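What follows is a short report on a single structure.
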Amino acid sequence: MWPRVGEWTDFRGAGPLSPAAAVNLWPLTAWGYEAWRARALSLLSGRPFPLGEELGRMRASLEPVEGGVFLDLGTATGLYARALLQAGAGWVYALDLSPAMLRAARRRARGLGGFVPLLARAEALPLRAASLDGVAVGGSWNEFAEPEAVALEVARVLRPGGRLWLVFTHRSGSPLQRAFGRAGLRFPRLEDLLALLAPLGFALEGWREGSAGFVAGTKLPTGE
């Protein structure tokens, strides 16, 4: 029997959190998250990059969306989950390790059927194998403590033909990134992320704009 944390079944299991991840447990972080996200890709890419453009690219990469079952991995306040449901998704699992983020996500998704919050870690998804049409990761990849384990889990839960969309902050070697690295954030290079995912059965496309990195892909049928 899984324990409960307030209204949530807690699938997180035991294990420490990095300082960077622990900040997401604060209600204040959840309160200000979407204001930051609205500006994040503009700051990272060095050009005007509105949130609407990001959400449009995400939906296009995960098509067909209508009626599908998706995972918003590291959902925070549910930006991607809401966008997918508004585009006609049948079911979206909104997974995060922060109860405060999930409370905010559920409040913002009120009235959208098919929104399923999950309190869990990305390294151990409480979902069946080959059960999803798509997985979207909207910037949380840098916070995952074990990216190799997360990649294996994403490959496991996607059905053949399932799609992947991933946004991350690319390694720059800046003093600020080095400071964040000491707090537990990880900043991969695009080529390293593609090399991690490709052997797990993905056909991938990757690109970057400044320090913003993007990966879109499809889970190949076994043997391809």
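The values are calculated or read from the model by the stated rules, or taken from the named source; none is laboratory data. Values in this document were obtained by computation on a predicted structure and should not be read as measured data. Methodologically, a virtual Cβ is constructed for each residue, glycine included, from the backbone with ideal geometry; neighbour enumeration extends over all protein chains shown. Heavy atoms of the whole protein, side chains included, go into the accessibility calculation; ligands, DNA and RNA do not. Shrake-Rupley method; radii C 1.70, N 1.55, O 1.52, S 1.80 Å.
Being within 27 Å of residue 187 (Cβ to Cβ) and open to solvent by less than 30 Å² (accessible area, probe 1.4 Å) is the filter here, so list the residues in the range 118-131 that pass it. Working first, answer last.
In the first step, residues of the range 118-131 are kept if they are within 27 Å of residue 187 (Cβ to Cβ); the result is 118-125.
Scanning the range 118-131 gives 118, 119, 120, 122, 125.
Could you tell me which of the residues 155, 149 is out of contact with any helix residue (DSSP H, G or I) (no Cβ under 7 Å at 6 or more places or on another chain), surrounded by fewer than 23 Cβ atoms within 10 Å (Cβ to Cβ) and touching a residue at least 24 places away in the same chain (Cβ under 8 Å)? Give the steps one after another, and end with the answer.
Numbers: 155 fails: out of contact with any helix residue (DSSP H, G or I) (no Cβ under 7 Å at 6 or more places or on another chain).
Of 155, 149, the one residue that is out of contact with any helix residue (DSSP H, G or I) (no Cβ under 7 Å at 6 or more places or on another chain), surrounded by fewer than 23 Cβ atoms within 10 Å (Cβ to Cβ) and touching a residue at least 24 places away in the same chain (Cβ under 8 Å) is 149.
Only one of (1) part of a loop (DSSP other than H, G, I, E, B); (2) open to solvent by 70 Å² or more (accessible area, probe 1.4 Å) fails for residue 13. Which number is that?
Checking residue 13 against (1) part of a loop (DSSP other than H, G, I, E, B); (2) open to solvent by 70 Å² or more (accessible area, probe 1.4 Å), the one that fails is (2).
Looking only at residues in the range 210-224 that are under 11 Å from residue 168 (Cα atoms) and of a type outside the set (A, V, I, L, M, F, W, C), which one is surrounded by the most Cβ atoms within 10 Å (Cβ to Cβ)?
Applying the first criterion (under 11 Å from residue 168 (Cα atoms)) to the range 210-224 yields 211-215.
Now restrict to residues that are of a type outside the set (A, V, I, L, M, F, W, C): 211, 213.
Working: 211: 18, 213: 25.
Across the range 210-224, the extreme among qualifying residues is 213.
State all residues of the range 54-83 that are open to solvent by 30 Å² or more (accessible area, probe 1.4 Å), touching a residue at least 12 places away in the same chain (Cβ under 8 Å) and either assigned to a helix (DSSP H, G or I) or among the charged types (D, E, K, R) (or both); if no residue qualifies, say none.
57, 59, 61, 63, 66, 82
If we keep just the residues of the range 31-52 that are assigned to a helix (DSSP H, G or I) and in contact with a Leu (Cβ under 8 Å, 6 or more places away or on another chain), which is nearest to residue 109 (Cα to Cα)?
Step one: list which residues in the range 31-52 are assigned to a helix (DSSP H, G or I), which gives 31-45, 51-52.
Narrowing the set further to residues that are in contact with a Leu (Cβ under 8 Å, 6 or more places away or on another chain) leaves 34, 37-38, 41, 51.
Details: 34: 13, 37: 17, 38: 17, 41: 23, 51: 17 Å.
Only one residue tops the list, namely 34.
Grab the strands (runs of 3 or more DSSP E) fully contained in the range 85-192, keeping just those with 1 or more residues being among the hydrophobic types (A, V, I, L, M, F, W, C) and closer than 18 Å to residue 215 by Cα.
Working: elements: 91-96, 115-119, 132-138, 158-169.
Here the list reads 132-138, 158-169.
Are any residues in the range 91-117 surrounded by fewer than 22 Cβ atoms within 10 Å (Cβ to Cβ) and either of a type in the set (Asp, Glu) or under 16 Å from residue 157 (Cβ atoms) (or both), and if so, which ones?
Matches in the range 91-117: 91, 116.
Count, please, the residues in the range 177-193 that happen to be crowded, with 17+ Cβ neighbours inside 10 Å and more than 13 Å from residue 18 (Cβ to Cβ).
Within the range 177-193, residues that are crowded, with 17+ Cβ neighbours inside 10 Å and more than 13 Å from residue 18 (Cβ to Cβ) number 4.
List, please: which pairs have Cβ atoms under 8 Å, are six or more places apart or on different chains, and start with a residue in the range 165-177 that is touching a residue at least 12 places away in the same chain (Cβ under 8 Å) and under 15 Å from residue 136 (Cα atoms) and end with one that is open to solvent by 10 Å² or more (accessible area, probe 1.4 Å) and among the basic types (Lys, Arg)?
Close Cβ pairs satisfying both conditions: 165/57.
Residue-wise test of (1) among the small types (Gly, Ala, Ser); (2) modelled with pLDDT under 95.
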| site | (1), (2) |
| --- | --- |
| 152 | no, no |
| 157 | no, no |
| 169 | no, no |
| 178 | no, yes |
| 184 | yes, yes |
| 188 | no, no |
| 200 | no, no |
| 212 | yes, no |
| 224 | no, yes |
